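This report refers to the structure that appears directly beneath it.
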Amino acid sequence: MSRLPAIGSRHWFAAPFRVCLSARPWIVATVPRVAKRRDVRRFGPGPFVTGFKRDPAEWGDGFPFDLPAMLAIEQLRLDRPVTLLAGENGSGKSTILKALAEAIGFHVEGGELERSGELPAVPRKVLGEALDPLLTRSKPRNGYYLRAESFFNVAQFIDSGTTYAPDLSLYGDVPLHQQSHGESFLALAANRFGGVGLYLLDEPEAALSVTGALALLAVIARAARAGGQFVIATHSPILLACPEARIYELDDDGISEPPYDELDAVRLTRNFLQSPDRHLRAALGGADDADHERQ
Ligand SMILES: Nc1ncnc2c1ncn2[C@@H]1O[C@H](COP(=O)(O)OP(=O)(O)OP(=O)(O)O)[C@@H](O)[C@H]1O
Ligand SMILES: [Mg+2]
């Protein structure tokens, strides 16, 4: 017989049933862990989610509520097949992508949308109840949330061959741990990104050469034409050149929509390539001064 873990144990929330203590303490209800809402949308082409509605009454203090990009989140229109989030380190791209992933029903660690042996992904409000995803009438058949820092764990799970692990044939048959970081990610993209799927990718360029980034761009453009939706956080001028994508840049002032040539990632890379020596002198000059001071 299955037993509930002791209250306070870290397994408590993983229990098959959760005891809800209502605001009126004399009422104790037992409800299934299954989300009460079902995703009644029909499978169909994207876009599947077009943005967020913010509830000021539920808005909190501190991280992540105080990030300028988070405060401007209603400006994001995710109505194109590809939306790109650019911006400096720390501008809030991953935070927004994670909120979107959780709102769609992805596991926060990343991975496939529908995980075998688990409950179907059901969209929901996130950050307490502060952000409500704006959904369209169609839902994706599949999807993937790539977090660079957890790709290794996801690849290990795919390779594990355990009961709930997906069939390796879905990933091109070669175990991912027998491939390099970039090769395994391209195998995942080439084999899993397609059709009516929702793909949230956080810096997918991390493992890729220039040729690899172009190969990924081709996969994304093909899948987007076939009804997929992509939201991608990236610093890569190559991925930022994705045809027909809407590009947002996040910064201390919030969210803006500059043209490709005016994005920091493009402008600064172009300037660097035009005169690497000058930029290196400027960057290393600071380091040399610091060395002098230490001596
Ligand atoms: N768990 C956390 N608690 C407090 N602050 C956090 C937390 N996670 C991130 N931050 C802060 O929120 C800001 C945005 O972080 P985020 O990871 O979203 O940036 P990013 O745009 O993805 O940056 P990068 O390009 O480096 O990946 C950063 O200043 C970061 O320090
Ligand atoms: Mg990030």
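The values are calculated or read from the model by the stated rules, or taken from the named source; none is laboratory data. Because the structure is predicted, anything quoted here is derived from the model rather than measured. Here the Cβ is made from the backbone with ideal geometry for all residues, glycine too, and neighbour counts use every protein chain on show.
Only one of the numbered conditions (1) surrounded by 20 or more Cβ atoms within 10 Å (Cβ to Cβ); (2) closer than 21 Å to P204 by Cα; (3) within 11 Å of ligand 1 (Cβ to nearest atom) is violated by G110, and that is (3). Would it be correct to say that A223 is more than 16 Å from ligand 2 (Cβ to nearest atom), in the same structural domain as V82 (by TED's automatic domain parsing) and closer than 22 Å to G105 by Cα? Spelling it out, A223 is indeed more than 16 Å from ligand 2 (Cβ to nearest atom), in the same structural domain as V82 (by TED's automatic domain parsing) and closer than 22 Å to G105 by Cα.
When the stretch 85-96 is filtered for residues that are surrounded by 22 or more Cβ atoms within 10 Å (Cβ to Cβ) and under 11 Å from the mean Cα position of the chain (by Cα), the ones remaining, listed by number, are L85, K93, I96. Which residues, counting only those in the stretch 227-248, are in contact with a strand residue (DSSP E or B) (Cβ under 9 Å, 6 or more places away or on another chain) and of a type in the set (A, V, I, L, M)? Across the stretch 227-248, the qualifying residues are V231, I232, A233, L239, L240, A245, I247.
Residue count for the stretch 215-239 under the criterion of being crowded, with 22+ Cβ neighbours inside 10 Å and within 16 Å of ligand 1 (Cβ to nearest atom): the result is 6.
Do we find that Y171 is hydroxyl-bearing (S, T, Y), modelled with pLDDT of 90 or more and closer than 18 Å to N142 by Cα in this structure?
Against the criterion (hydroxyl-bearing (S, T, Y), modelled with pLDDT of 90 or more and closer than 18 Å to N142 by Cα), Y171 does not qualify.
When you look at D79, is it within 14 Å of ligand 1 (Cβ to nearest atom) and assigned to a loop (DSSP other than H, G, I, E, B), yes or no? So D79 fails the test.
Residue-by-condition table, conditions (1) under 27 Å from E262 (Cβ atoms); (2) assigned to a loop (DSSP other than H, G, I, E, B); (3) among the basic types (K, R):
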residue	(1), (2), (3)
T95	yes, no, no
F106	no, yes, no
P120	no, yes, no
P133	no, no, no
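Against the test of being under 22 Å from A121 (Cα atoms), of a type outside the set (D, E) and at pLDDT 95 or above, the options V31, V49, V40 yield a single qualifying residue, V49. One residue stands out in the stretch 43-75 among those that are within 16 Å of ligand 2 (Cβ to nearest atom) and buried (at least 16 other Cβ atoms within 10 Å of the Cβ): the one that is farthest from the chain's Cα centre (by Cα), namely L67.
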